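Accompanying notes for the structure given below.
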Amino acid sequence: MKKRIIACLIAVFMVFGVSLDVGAVSITLGNVFANAGDSSIPSLVSKLSPSVVGIIGKLKESSPDYDEQYDNLVFGTGVIYKSNGYIVTNAHVVNDMEKIVVVLSNGKAYQARLKASDEMTDLALIKIDKGRLTPAQFGDVSDIIVGEEVLAIGTPMSFSLRNSVTKGIISGLNRSVEGEYRLIQSDAAINEGNSGGPLINSAGKVIGINTIKFSGIGVEGMSFSIPIDTVKYALNQFEKYLKIKRPYLGVEFSEGVAAAYGLPSNEGLTVISVDKQSPADLSGILEDDVIIEINGSKMSTKIDYYEKMKSLSPGDTAVLKIERSDKIIFVNVTFDEKN
Amino acid sequence: MKKLFIKRAMSGIVACLVIFFLNVVSYASDDVLTMKLELGKSIAYIDDEAVSVNPPFMGVNDVYIPLRAVLDAFGAEVIWKGDGKINIIYNSININMSIGELEYIVNQQNKLLKEEPQLLNGITMIPLEIIKDNFDVTAAFYRSSGKITIILKSDGSLKDLSFLTNSIVKKTAGNSYFGWSIDIPKGSRILTSSFNSKLVKIINQQRRIVIEIKVWCDNDISLQELYDNVNDDPETYLGAKLIDSSVSDKQDAQYVEFLYNSIDNQAVLHRVYKSSKYLYDVMLVSLEETDPYVLKNSMYYRNIMNTFSLGYKGDLQNVQDLSKIDYGFVKYDNYLTLLSGNKYFLWQMDVLPEWDSLNSSMLNNALKTKIGLNNEEYLIVEVDKLDEAITIEEFGEKEKLFNKQNLNVKNYEFISDEILDISGNKVYKLVYWIKLGKNTYRCEDNYILSGNLVYNISIKSTNKAYIRQKGNYDKMIASFKPANNEIAKLEKDIANYKYEQSLNMLGKEGKYIEYKNKDYAWKTKFPGTWIKSMENSSNAELFVDPELGMSVFIEVVENNSVTNAMNDIDKFSVMRDIVSQNEFYSGNINQIAFENVKWKDLDVLVYTYRLEDDVEEDYGTLKFYIINRENYSYCFFTMIPDIVATDKNIKIINDIWEWFEVE
């Protein structure tokens, strides 16, 4: 008798222990499987679904893509990362939107506000006034392992048949042709519809935000996602300052030729020009100086530079190891704020 | 035993599932959020889920609840502004309050609390009143039990997304400002709507029709006159061959009707209505019918047209109001696209709904926008990039000096200038009279400095019109918002555009430049800022001061038996076009002087004319200097508009003539 009662109680607990903040029955049933530890793709998708939103908006008239003849609707995906309605997505998805509408997995739509956006990282923060949402679980940069299987999740809503779940593996932590930050390269297909959505690993953790902005046009099997450490950096800055406060050095530099090809190199970053009265100028950095290290981190590519800048803020001081006319010198620089 | 166990367990599970489903059904509605708190208790229940909170406590007049816990559950945005100031945003509600203060602001309205927000151990506690009064909730505090219940009744989810798809969701569409309404078939959406909603095009793909309504503000013409005009010259008015026309016999809904095919051969049923203020073009275009009679005779199409009526004021529930007018004004957004192809938002201003953009090819400056009703009622907004940092006071002085040096005292009189603060913009307002012919205009330049850009909102109107519109003009200027995004890129593009324009300059600002015509061996000097016309040929060259409008035209004609026999006025095309054929300027051109003078040992004939055009308000002095040499004859033409005929500018033209040399 006791055993039966216990069995019933366990059954009750299993069922009621499930989060009740979404209405769709099928999704909550799916949650049961997820909690039971099943990492099958359907279960991962349904686990993440409540945290994945569709974003739809009308293009601003000032957008270069605006065409009077057409409906000018733009679509994308976003990830709820705080239960009181904070959503991360791509900057390029929402920047040109006049009005932003967020559609939850339960089909309900809410007007959103753009709180902050940054073109360089292609990340943006939007807010809907809706509480008790299910935030997605963020992973760590250590969760990004080359070869690991990943899913790129678009919204459950079908906007013009665009959105989907696609699967791939992490091909590498490379950069794209134009970006300034490290990107996850995978072969999980990313399109305009699931851009801004999560890249999740087999543990159901978000390890990246997908972006179509950097993907090569017409190149198959090469999709890019913004790694979770850059996402966390950007969101942190957005919450504090409503923008990313990048440290300003005041130099224009070029990478070595080998670095541009992605080959191993010791070439450093060559200073092409120094802005007058900039921190670099005031610290005595000259044209043709080669920046080899910043605070001990090797500088070979511009990605190295921008990734390093993530750990620094305006007002911080750093030690630059510089090669000048075959001599090595160390220069202390105090960064300013980039306008 | 085992079987019984499984059976019982199964029934237990089924029972649980049934209860589960029931609960799911009752929670399926996200519109309601229920929070249950209790005085002194650190556990609250949100939709029956236990959460830990700062315990509510009893104040003097009201019960205090934890701000963060409640508003996070709602999903409101809470911004801590420092110094105890808190901003709460929840959909259309915007609250600004401070710890320890009874006064707070909701949507810019001042309100008073009975008890002030408090900070307790770092947690902000607010009186229940703030939630009760400003949110869509049912909130109750039961003193006897100390229990507090807050039920959020709606979460602001959008019921109607038609604003995204531009769909017409109601049976009738109308415009409450311009006063019209028409029944719209289901499944229609707005194809285009001008910024002032004067022009609206609605498409219904299923029925393959487009309904277009265009409002005209100059309605001096009667419907009968219009009918006659269109019948006389349909090509000009409709751009098509007229198939049929008629006048309605209805007393209450007067209209004239035209049937024709559009340029794409689509059938068009076109009616024109008239109210006391406006004329209305109402067009029904079929995307598949080519026979306009079908539109006229078929009940379906006629029924749509027959539902068009005037007089809608925005007071009806089942009418979707397409008017974009707010309190008598409509927002005009000006975008700029320059050489780079980038499109920038340049400025926004409230304007009168009847106004439209009046830009024409004459005003082919991308940085200048003319917006208004007609040539009597308009203003111009011009943007320029400053070459160097300057204060608004310094800028104002420069403008005043420019006017003094370049505007003729007979036509220009300074009235006043002042620096004002208008809606956070520092404005230099320069007011002056401009006399053109018999008319005197009150002109006003409002310069606004923003970053490295300067905007000028300039108004020119008769004094009477100004007095009538003053309130409106002031409101428009107060609503002006300059560009605030991508400023660096925008400034760079404008600088590039100006540089491109300057490449047309003959030389550099501030310096004179020698110009030689090699084919006909003449030369002279021009101020560096003058430009040469693109259409010049070597025997006929036009030079213009783009800022002041003065011009010099030099024409050379070969001497032969034919030309030798001609009068000057026929020999030189410039004289022919301007004087005898009146092709270049409209208005009256009258000769006022003729002289035979000696100039650099040459005989020169000087013809002087006056241009008086009351329609275009062009007034000026034209001079033709004729020099006859052995092989060629030269005509040196100058034009100085009256308004810039100051001593300084007259001297500039005279100098160009003095430096003129022929072989």
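The values are calculated or read from the model by the stated rules, or taken from the named source; none is laboratory data. Everything numeric here is computed off the predicted structure, so don't read it as measured data. A quick note on method: Cβ atoms are made from the backbone with ideal geometry, for glycine too, and the neighbour counts reach across all protein chains shown. Ligands, DNA and RNA are excluded from the accessible area calculation, which covers all protein heavy atoms including side chains. Shrake-Rupley method; radii C 1.70, N 1.55, O 1.52, S 1.80 Å.
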Scanning the stretch A:51-72 residue by residue, those closer than 16 Å to residue B:193 by Cα and aliphatic (A, V, I, L, M) turn out to be A:59
Here the qualifying pairs (Cβ atoms under 8 Å; residues six or more apart or on different chains; first in the stretch B:374-393 and at negative phi and open to solvent by 100 Å² or more (accessible area, probe 1.4 Å); second part of a strand (DSSP E or B) and modelled with pLDDT of 85 or more) come out as B:376/B:461; B:376/B:462
Hey, does the stretch A:93-112 have a residue that's of a type in the set (Val, Ile, Thr), under 20 Å from the mean Cα position of the chain (by Cα) and part of a loop (DSSP other than H, G, I, E, B)?
no
Flagged in the stretch B:514-539 as in a strand (DSSP E or B) and within 40 Å of the chain's Cα centre (by Cα), in numbering order, are B:526, B:527, B:531, B:532, B:537
Taking the stretch A:118-137 and keeping only residues that are away from chain B (no Cβ under 14 Å) and under 16 Å from residue A:76 (Cα atoms), one is left with A:122, A:123, A:124
Considering the stretch B:346-373, residues that are touching a residue at least 40 places away in the same chain (Cβ under 8 Å) and aliphatic (A, V, I, L, M), and then whichever is nearest to the other protein chains (Cβ to nearest Cβ), we arrive at B:346
If we keep only residues of the stretch B:197-211 that are away from chain A (no Cβ under 14 Å) and of a type outside the set (Lys, Arg), then the residue nearest to residue B:308 (Cα to Cα) is B:211
(1) at positive phi; (2) in contact with a Lys or Arg (Cβ under 7 Å, 6 or more places away or on another chain); (3) of a type in the set (D, E, K, R) all hold for residue B:570 apart from (1)
Does the stretch B:603-622 include one or more residues that are assigned to a strand (DSSP E or B) and at pLDDT below 90?
-> yes
Filter the stretch B:546-559 for residues that are over 19 Å from residue B:522 (Cβ atoms) and not aliphatic (A, V, I, L, M); the one that is most open to solvent (accessible area, probe 1.4 Å) is B:547
Scanning the stretch B:203-250 for residues that are part of a loop (DSSP other than H, G, I, E, B) and closer than 21 Å to residue B:183 by Cα, the one least open to solvent (accessible area, probe 1.4 Å) turns out to be B:248
Note on the stretch B:241-275: residues over 35 Å from the mean Cα position of the chain (by Cα) and basic (Lys, Arg) are B:250
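Given the criterion surrounded by fewer than 18 Cβ atoms within 10 Å (Cβ to Cβ) and in contact (Cβ under 8 Å) with a residue 60 or more places away in the chain, identify the matching residue among B:461, B:479, B:423.
B:479
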Filtering the stretch A:73-102 down to residues that are within 9 Å of chain B (Cβ to nearest Cβ), surrounded by fewer than 22 Cβ atoms within 10 Å (Cβ to Cβ) and farther than 22 Å from residue A:227 by Cα yields A:73, A:99, A:101
Filtering the stretch B:327-345 down to residues that are in contact (Cβ under 8 Å) with a residue 60 or more places away in the chain, closer than 18 Å to residue B:455 by Cβ and at the interface with another protein chain (Cβ under 10 Å from one of its Cβ atoms) yields B:333, B:336, B:344, B:345
Those residues of the stretch B:407-427 which are at pLDDT below 90 and out of contact with any strand residue (DSSP E or B) (no Cβ under 9 Å at 6 or more places or on another chain) amount to B:424
Inside the stretch A:36-54, the number of residues satisfying the requirement of being in contact with a helix residue (DSSP H, G or I) (Cβ under 6 Å, 6 or more places away or on another chain) and within 14 Å of chain B (Cβ to nearest Cβ) is 0
request  = State whether one or more residues within the stretch B:428-450 are within 25 Å of residue B:195 (Cα to Cα), of a type in the set (A, V, I, L, M), surrounded by 14 or more Cβ atoms within 10 Å (Cβ to Cβ) and modelled with pLDDT of 90 or more.
outcome  = yes
Item to complete: Could you check, for the stretch B:550-572, whether at least one of its residues is closer than 30 Å to residue B:629 by Cα, assigned to a helix (DSSP H, G or I) and among the acidic types (Asp, Glu)?
Response: yes
Every listed condition ((1) part of a strand (DSSP E or B); (2) surrounded by fewer than 18 Cβ atoms within 10 Å (Cβ to Cβ); (3) under 21 Å from the mean Cα position of the chain (by Cα)) holds for residue B:366 save (1)
Quick count over the stretch A:106-133, residues being among the charged types (D, E, K, R), under 21 Å from residue A:58 (Cβ atoms) and surrounded by fewer than 22 Cβ atoms within 10 Å (Cβ to Cβ), is 4
Flagged in the stretch A:305-324 as surrounded by 16 or more Cβ atoms within 10 Å (Cβ to Cβ) and touching a residue at least 24 places away in the same chain (Cβ under 8 Å), in numbering order, are A:305, A:306, A:307, A:309, A:310, A:312, A:318, A:320, A:321, A:322, A:323
Subset of the stretch B:394-416, residues in contact (Cβ under 8 Å) with a residue 12 or more places away in the chain and open to solvent by 50 Å² or more (accessible area, probe 1.4 Å), comes to B:400, B:405, B:409, B:410, B:413, B:414, B:415
Of the conditions (1) touching a strand residue (DSSP E or B) at 6+ places or on another chain (Cβ under 9 Å); (2) surrounded by fewer than 15 Cβ atoms within 10 Å (Cβ to Cβ); (3) touching a residue at least 24 places away in the same chain (Cβ under 8 Å); (4) over 25 Å from residue B:613 (Cα atoms), the single one that residue B:496 does not satisfy is (1)
Flagged in the stretch B:507-517 as surrounded by 14 or more Cβ atoms within 10 Å (Cβ to Cβ) and at pLDDT 90 or above, in numbering order, are B:512, B:513, B:515, B:517
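Across the stretch B:173-197, what is the total count of residues that are part of a strand (DSSP E or B) and either open to solvent by less than 10 Å² (accessible area, probe 1.4 Å) or among the aromatic types (Phe, Trp, Tyr) (or both)?
Taking the stretch B:173-197 as the starting set, the residues that turn out to be part of a strand (DSSP E or B) are B:173-175, B:180-183, B:189-193.
Checking which are either open to solvent by less than 10 Å² (accessible area, probe 1.4 Å) or among the aromatic types (Phe, Trp, Tyr) (or both) leaves us with B:173-175, B:180, B:182.
Going through the stretch B:173-197 one residue at a time, the tally reaches 5.
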Inside the stretch B:329-363, the number of residues satisfying the requirement of being of a type in the set (A, V, I, L, M), out of contact with any Leu (no Cβ under 8 Å at 6 or more places or on another chain) and part of a strand (DSSP E or B) is 2
